Amino acid sequence: MPVAYSYKRFSTPSQAEGDSIRRQTAAAQRYIDDHPEYGLVLDTTLVLVDEGVSAFRGDNLKSGHLARFIRAVKDGVVAPGSWLLLESLDRFTRQSVNLAAAELLNLINRGIVVVTLHNGTIYREEDFEGIDGLVNLMGALIAMQGHHHEQVTKGKRVAAAWGAKYDRVNKGHILTRTVPFWLEVNADKTGFNVLADRVEVVREIFKRRAEGEGKSKIAADLTARGIPTPKSRGAIWNPSTIQKILDSDSVVGVLLNARGDRFDHYYPRVVDEATYQTVSALRAKPSTQGARAGSHPLTRLIKHDCGTTMRRINKGAKGGAVKLICPKCKNSLPFTKAMGLVQQALFMSQWVEAPSDEGVRAQELERELVGLDEEIRGAYEHWRKVKTLAARDLYERALTDHRRLVEELHALMARNTAVLLAMEDSALTRADKAGNLLAAVKTVVVNASLDTMCKTLTVKTISGKTIEVDDWLEIYAA
């Protein structure tokens, strides 16, 4: 019973929002269902999806998942007699025919059966023997050359069209209706309208980052407040989305095209120069570093029981009498003790239960999947050796269990609590490995407060956990 591998690819990141992967996946399963005579079993353990990867430049064959598949064939991990299912040959490569044919024939000569699903053509080693084999080979070569020529022609046509558009930019023309999410092209197509509610979100993100807040914390807060994301398809903000906005020069009016041309004053400026420059300076720094000189991990973090933000003061005495003090009540504690309390709270948060059943279940599923991955590999190797129905059934049951758990985990991760818990765990793990948990403060901690006598610290994290630590560094889960 041969194993079938389904390879999917699309060229541009924008296609990730479309139907490309679903269509290619459905076509592979439909082929297997329609041809029971081949006895194919679809493998789901080897990821074979190249998203936004060019086949014209051959990137998928050099460093993509297709390259991993080819190495697996050469190393014997993928056995001879296995099948590779492609929507069409252009998913495999759009390179010139001499390069494309060499890669395809190398796979076929190693015993891999290649199928193009759009026309049902099967390419096998035995199919290239004799006159019929020559016809099959010529058909493949013609198809590959056609895909390559189509890509070259399309590239030249698109480059010429966009070149003409770029020339018009300097004359004050609008280049395209595709604009940053906080703008829209006006009715007569002579300029842009600023969308006030979205611009306020952009300005808030820049301001908070300039003041030293981490991307994960900003994302968690926007998510918790239900602020629509740039694409307005949900309310879950990711740190990568925040980073993309922070990296954009469009906020100060700049248009950068794919060729690297820069057009100043193309868009209306929506972020002031000082804030933009502060954030730009932070791009090369770790997210936990503040934007202001002399800032520390607890800057503006801890509030006193009276509601006043605690401040760090240094009276200049020998030995460094540095304190964290409430400017209103004058109650205080040594700054080193405050740092120790916060670090201890972050350290102990791993033993505090997730704030919802969803969070607990997400953690359980991740642990189960780790164990199941090993079980799948073992079942697959056993099936390859014995080739019995019982071994195949065991392997398929493991795959079914894996799919069920992954689907459940994805459903949980689509909800806010599980997403925030994953962000929190990731930030704390990285900081713990670096030996500096305080580096995660601006990412993980939503707020922190000291009681009236500055003896007990209460910390609330982005996932909703609440941890209490007293000045003897004892832990309580609230």
Starting from residues that are open to solvent by 40 Å² or more (accessible area, probe 1.4 Å) and modelled with pLDDT of 60 or more, keep the ones in the stretch 52-88 and report whichever is nearest to V3 (Cα to Cα).
P80
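Taking V202, is it under 25 Å from A274 (Cβ atoms), in contact with a strand residue (DSSP E or B) (Cβ under 9 Å, 6 or more places away or on another chain) and either surrounded by 19 or more Cβ atoms within 10 Å (Cβ to Cβ) or modelled with pLDDT under 90 (or both)? First the steps, then the outcome.
Details: under 25 Å from A274 (Cβ atoms): yes; in contact with a strand residue (DSSP E or B) (Cβ under 9 Å, 6 or more places away or on another chain): no; either surrounded by 19 or more Cβ atoms within 10 Å (Cβ to Cβ) or modelled with pLDDT under 90 (or both): yes.
No: the conditions fail for V202.
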So which pairs qualify, if the first residue must be in the stretch 329-344 and of a type in the set (F, W, Y), the second must be open to solvent by less than 40 Å² (accessible area, probe 1.4 Å) and at pLDDT below 85, the Cβ gap must be under 6 Å, and the two must be at least 6 apart or on different chains?
F335/V322
When M348 is evaluated against the numbered criteria (1) open to solvent by 40 Å² or more (accessible area, probe 1.4 Å); (2) over 23 Å from A398 (Cα atoms); (3) at pLDDT 75 or above; (4) assigned to a helix (DSSP H, G or I), which criterion, by number, is the only one it fails?
(1)
So in the stretch 106-117, with the set limited to residues that are in contact (Cβ under 8 Å) with a residue 24 or more places away in the chain and in a helix (DSSP H, G or I), which one is surrounded by the most Cβ atoms within 10 Å (Cβ to Cβ)?
L107
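Provide a single number: the residues in the stretch 205-215 that are open to solvent by 20 Å² or more (accessible area, probe 1.4 Å) and touching a residue at least 12 places away in the same chain (Cβ under 8 Å). Full working, then the answer.
Keep residues of the stretch 205-215 that are open to solvent by 20 Å² or more (accessible area, probe 1.4 Å), which gives 207-208, 211, 213, 215.
Still in the running and touching a residue at least 12 places away in the same chain (Cβ under 8 Å): 207, 211, 213, 215.
Residues flagged as open to solvent by 20 Å² or more (accessible area, probe 1.4 Å) and touching a residue at least 12 places away in the same chain (Cβ under 8 Å) within the stretch 205-215 amount to 4.
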Determine which member of the set V406, V386 is among the β-branched types (V, I, T), in contact (Cβ under 8 Å) with a residue 12 or more places away in the chain and open to solvent by less than 100 Å² (accessible area, probe 1.4 Å).
V406
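When the residues of the stretch 396-452 are narrowed to those that are part of a helix (DSSP H, G or I), among the small types (G, A, S) and within 20 Å of L222 (Cβ to Cβ), which ends up modelled with the lowest pLDDT? Quick ask: steps written out before the conclusion?
As a first pass, look at the stretch 396-452 and keep what is part of a helix (DSSP H, G or I): 396-413, 416-433, 437-444.
Filter once more, so that each one left must be among the small types (G, A, S): 398, 411, 418, 422, 426-427, 431, 439-440.
This time we only want the ones that are within 20 Å of L222 (Cβ to Cβ), so: 418, 422, 426-427, 440.
Working: A418: 59, A422: 72, S426: 80, A427: 82, A440: 85.
Looking at residues that are part of a helix (DSSP H, G or I), among the small types (G, A, S) and within 20 Å of L222 (Cβ to Cβ), I get A418.
Return the total of residues in the stretch 203-218 being closer than 16 Å to V445 by Cβ and not acidic (D, E). Write out each step before concluding.
Step one: list which residues in the stretch 203-218 are closer than 16 Å to V445 by Cβ, which gives 208, 211-218.
Next, from what is left, pick out any that are not acidic (D, E): 208, 212, 214-218.
Residues meeting the conditions: 7.
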Which of the residues spanning the stretch 361-377 are within 17 Å of L42 (Cα to Cα), open to solvent by 40 Å² or more (accessible area, probe 1.4 Å) and not acidic (D, E)?
R377
Find the residue count for the stretch 423-463, including only residues that are under 20 Å from I236 (Cα atoms) and in contact with a helix residue (DSSP H, G or I) (Cβ under 7 Å, 6 or more places away or on another chain).
9
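The values are calculated or read from the model by the stated rules, or taken from the named source; none is laboratory data. Keep in mind it's a predicted model, so treat the numbers as computed, not measured. Quick reminder, even Gly has a Cβ in these numbers, built from the backbone with ideal geometry, and neighbours come from all protein chains shown. Please note that ligands, DNA and RNA were not included when accessible areas were found on the heavy atoms of the full protein model with its side chains. Shrake-Rupley method; radii C 1.70, N 1.55, O 1.52, S 1.80 Å.
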